[in-house]
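The values are calculated or read from the model by the stated rules, or taken from the named source; none is laboratory data. Quantities reported herein were computed from a predicted structural model and do not represent experimental measurements. Don't worry about glycine lacking a Cβ; one is built from the backbone with ideal geometry, like all the others, and counts go over all protein chains shown. Side chains included, ligands, DNA and RNA excluded: accessible areas come from the protein's heavy atoms. Shrake-Rupley method; radii C 1.70, N 1.55, O 1.52, S 1.80 Å.
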Amino acid sequence: MIIELERGRQATLDQIRDLAVRFGNRVELSEGTGVYDTVHIIGDSREFASRESYILGLPGVRAAWQPTGGYKNIARVVRGNEGKALHRERRVVEVKGLDGKARRFGGGNGKHIFVCGPDSPQTLEQTLATARMAREVGEKFGILDRVMLRGGAFKPRTRPTDWRGLGMKGIAIMDAAREETGLPYVTEVMDHNLVEQIGAHADMLQIGTRNAQNFDLLESVGRFGKPVILKRGFGNEAEEWFYSAEYIANQGNLDIVLCERGMKTLYTKGGYCRNQPDLNACTHARKQTILPIIFDPSHVAGDHRIVAENLMAACGHLVDGSITETVHTEAWRREQLCDAGQALVMDQYSILVEAVLEYENHVAPKMKSILRMLGTD
Ligand code: PEP
Ligand code: MN
């Protein structure tokens, strides 16, 4: 529900907020430029909306209306009947590190967030070595507050007999990497029963492509409330992806980072890529939703030799960040039990980070002017 409220009506705003909390909702305030501000009730607002006559009677309430379109919690523009529309600010999703720095995804600030690390933690040494190198990259380019770690301890695998990660032992390794480097980490959760257990450790949770429409899981991470990376299901339309995000948001959690990781194609073994990147979906997500959008060049590529160009291509679509699988040395590739072929060696990743920063500083501002001229930014 959307409420138009005269400016300066703090007491009414407090009453609306109290009612929202009672029904498990939150409020988002968009300050208007005219005489009124707009209050957006976040989450499943059906119960709240049943109190419409009470709300309309509160001092300073000019109007209350229902969004007519879908994904009302994450939409960039929320529309109602009679031409009503609420234009919202882009959301910044913050992930704080032990080093006291917040990694800030999105908000249109043009600052790419770099998530890197192993497909999965296998040994403490390997994970620490990669994490230390990630920290060095951050220090070298003065972007430590933009670097984060990744590592899946619970692995979805096509074959039941394949290695499926170290489970909570892997989480303990990621904890140790965070402890030593101060960098926060994201890790995948596959089961709604494990959200609290894994979420008690991780700084950010990842929903993988195979679980992108696991609605119990989406709702669990929504209730849990920590920031989430939501990969797009490899067979999902953009709209289905947004509705998956809406499942999380409907539980009151708007700290969602969308991630494009490629669609299934007619690829067969020996093909030229693992998944087809749908880069226009990144642009579409930026226009349709308030959420940050990042790109995963590793699962798109399937081969470390084509990771760099895929990430640079996504930069052209002004993504807010990337999540890239890395190994500390070429020698480690042989030891890796999952996604070995697509991992970028950290030294090469460092050069790629530099290229992205150059793009960000020199090319992206010009891209943005073109988009502004076209009225499509
Ligand atoms: C991963 O990040 O290692 C992973 C399994 O990703 P996806 O769900 O995109 O395949
Ligand atoms: Mn992987």
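So how far apart, in nm, are the two label points at residue 29 and residue 90 if each is 7 Å from Cα heading toward Cβ?
Modelled inter-label distance: 2.4 nm.
Using a 10 Å cut-off on Cβ atoms, rank the peptides 120-132, 81-93 from the highest mean neighbour count down.
Highest to lowest by the protection proxy: 120-132, 81-93.
Filter the cross-link list 101/368; 111/366; 111/140 down to pairs whose alpha-carbon distance in this structure exceeds 19 Å.
Violating the 19 Å limit, Cα to Cα: 101/368.
In percent, what relative contact order does region 93-371 have, based on Cα pairs under 8 Å that are 6 or more apart in sequence?
19 percent
With every protein chain present, what is the per residue accessible area of region 248-377 (1.4 Å probe, Å²)?
Ligands and nucleic acids excluded, the figure is 43 Å² per residue.
Using helices alone, I'd like the mean residue ellipticity at 222 nm for the chain: each DSSP H run of four-plus residues gives -39500 (n - 2.57), total over residue count, nearest 500.
Per the formula, -10000 deg cm²/dmol.
Calculate, in nm to one decimal, what residue 62 and residue 179 gain on full extension: separation in residues at 0.36 nm each, minus their alpha carbon distance.
Gain in length upon complete extension: 37.0 nm.
Convex hull over the alpha-carbon atoms of region 2-87: what's its volume per residue in Å³?
Hull volume over Cα atoms, normalised by residue count, gives 89 Å³.
Quick one: pull the percent of accessible area on region 93-371 belonging to carbon and sulfur, 1.4 Å probe, ligands and nucleic acids left out.
Carbon plus sulfur share of accessible area: 51 percent.
Across region 159-271, how many lysine pairs, 8 or more apart or on two chains, come within less than 27 Å at their alpha-carbon atoms?
Close lysine pairs under the 27 Å cut-off: 4.
Determine, from the Cβ-Cβ distance of residue 52 and residue 216 and an R0 of 30 Å, the FRET efficiency 1/(1 + (r/R0)^6), rounded to the nearest 0.05.
That gives a FRET efficiency of 0.45.
For the chain, which semi-axes, largest first and in whole Å, follow from the square roots of 5 times the eigenvalues of its Cα gyration tensor?
38, 22, 19
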